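Below is one structure, written out as structure tokens; the observations come after it.
The values are calculated or read from the model by the stated rules, or taken from the named source; none is laboratory data. Since we're looking at a predicted model, the values are computed, not measured. Because the Cβ atoms are built from the backbone with ideal geometry, glycine has one as well, and the counts that use them run over all protein chains shown. Surface areas here come from the heavy atoms of the whole protein model, side chains and all, with no ligands, DNA or RNA. Shrake-Rupley method; radii C 1.70, N 1.55, O 1.52, S 1.80 Å.
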Amino acid sequence: HKVNLYFSVFVADLLVYIPAVILYCFSLKETSTKKKASICALCILLYPGLILIDHGHFQYPLSLGFALWGVLCLSYDWDLLGSVAFCLALNYKQMELYHSLPFFCYLLGKCFKKGLKGKGLLLLTKIAGTVVVSFAVCWLPFCTDMAQIMQVLRRLFPIDRGLFEACMFSSPPPRLANIWCSLSVLIKIKNIVSPQTQLKLSFAVTFLSLLPTCIKLTVQPSLRGFKFALVSCALSFFLFSFQVHEKSILLVSVPVCLIINEIPFMATWFLLVSTFSMLPLLLKDGLLLPYAVTMLAFLSVCTASFSIFEKTSAEDLQLKPFSLSLKGYVSWFKSFPKIVRSLFLLSVTLMGVLSLASAAVPPPQRLPDLFPLSVSVISCLHFLLFLVYFNVVILWDSKNSRSQKKIS
């Protein structure tokens, strides 16, 4: 039975996820040759987090695959097909809400750009009709009774279970690399804030953190901005939203895979940290050896394929407009590449030491959760810095669009 289940995951990969990755890489303008496209596809498909969760922990890749098909269709201006693909992703797994705002804002921005009195209004009507029909088809089996519909909604959004319910560990403290679980180490949020207030607080912080990116994408819709917005918005959801699961970081990691050819150094770094953040879950599933092998293989292939240590300048990291705005104010920006490389090596070393300690060293009796908590807090700090980085890239590109065009 288990072999049959795991084989079905592999078949789902072959039918939905892998074709989307390959077609996406061969459609990129930056990967002008088949060799470059093949290298890009290989690095994406070797991402350890998805391999370990799909084929080790067990999860179907269909929602992420459909989301990728949605991105691919939008890159060809097939907006209606892209809308259908994303509706399938969202109705397959409600966590695709992490990507919903970038899809919505990008398509709305395109409609505004075409003009809401002419072609824009027609496109908006077509997209709205496509979404309604797609949802109606998916929900048709449940629409026989209103009580049944409400039951499905309660199952999809079990708000009453609390802020940390999605963590797979019952013993406190929670071991998840988002802001609420990390803060709970110092402040027992669940004890001092009611569940309803927790919900409102997480909604407000999540909304405020992704608002600048969504406004920028609506005002200046572009495919590049759309891909970066997918990363930034999904990361905001992961860090600040209600009832996050450890493997929800995959909803951030897959969009990061889509820009690995543009910022290979930062993308590789993020993807390593995202896999490391799931270490307690992977150890619980007995996946230590696959974790070590896939992490080393991914780092080796990315280093050899993209020469990531040679691409740490401000221009390579898409920070040229930001660095120009700081010229004359920050003297250390000249040594920025060296600092970034040093931080990367320090980060990788820390992840390696903590991985070994978590697997081989028994924790102190008074602190049985020492290693899982260390993994979650360190990963959370990384993710907060990455959130700042991606927002800087997006917002400075928006504010300095003319300068960025000249630089490009």
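List of remarks:
- Taking residues in segment 294-309 that are among the polar types (S, T, N, Q), and partners anywhere that are surrounded by 15 or more Cβ atoms within 10 Å (Cβ to Cβ) and not in a helix (DSSP H, G or I), the pairs with Cβ atoms closer than 8 Å and at least 6 places apart or on different chains are THR294/LEU46.
- Test: residue in segment 25-38 that is farther than 23 Å from HIS245 by Cβ, of a type in the set (Gly, Ala, Ser), open to solvent by less than 10 Å² (accessible area, probe 1.4 Å) and out of contact with any Gly (no Cβ under 9 Å at 6 or more places or on another chain): yes
- Checking every residue in segment 325-348 against the condition of being more than 30 Å from ILE394 (Cβ to Cβ), in a helix (DSSP H, G or I) and either open to solvent by 30 Å² or more (accessible area, probe 1.4 Å) or out of contact with any strand residue (DSSP E or B) (no Cβ under 6 Å at 6 or more places or on another chain) (or both) gives zero matches.
- Some residue of segment 96-108 being open to solvent by 30 Å² or more (accessible area, probe 1.4 Å) and over 28 Å from GLN196 (Cα atoms): yes
- For segment 220-243, the set of residues classified as of a type in the set (A, V, I, L, M) and under 12 Å from ILE394 (Cβ atoms) consists of ALA229, LEU230, VAL231, LEU235, listed by residue number.
- Any hit, segment 238-250, residues being of a type in the set (A, V, I, L, M), in a helix (DSSP H, G or I) and within 9 Å of the chain's Cα centre (by Cα): yes
- Here is the figure for segment 219-232: residues that are among the hydroxyl-bearing types (Ser, Thr, Tyr), in contact with a Leu (Cβ under 9 Å, 6 or more places away or on another chain) and surrounded by fewer than 20 Cβ atoms within 10 Å (Cβ to Cβ) total 0.
- Candidate set from segment 290-313 (those that are in a loop (DSSP other than H, G, I, E, B) and among the hydroxyl-bearing types (Ser, Thr, Tyr)); member that is least open to solvent (accessible area, probe 1.4 Å): THR312
- Among the residues of segment 263-282, none qualifies, meaning not one is surrounded by fewer than 20 Cβ atoms within 10 Å (Cβ to Cβ) and not in a helix (DSSP H, G or I).
- Scanning segment 38-73 for residues that are touching a Leu at 6+ places or on another chain (Cβ under 7 Å), within 30 Å of LEU122 (Cα to Cα) and touching a residue at least 40 places away in the same chain (Cβ under 8 Å) returns LEU64, PHE66, VAL71, LEU72.
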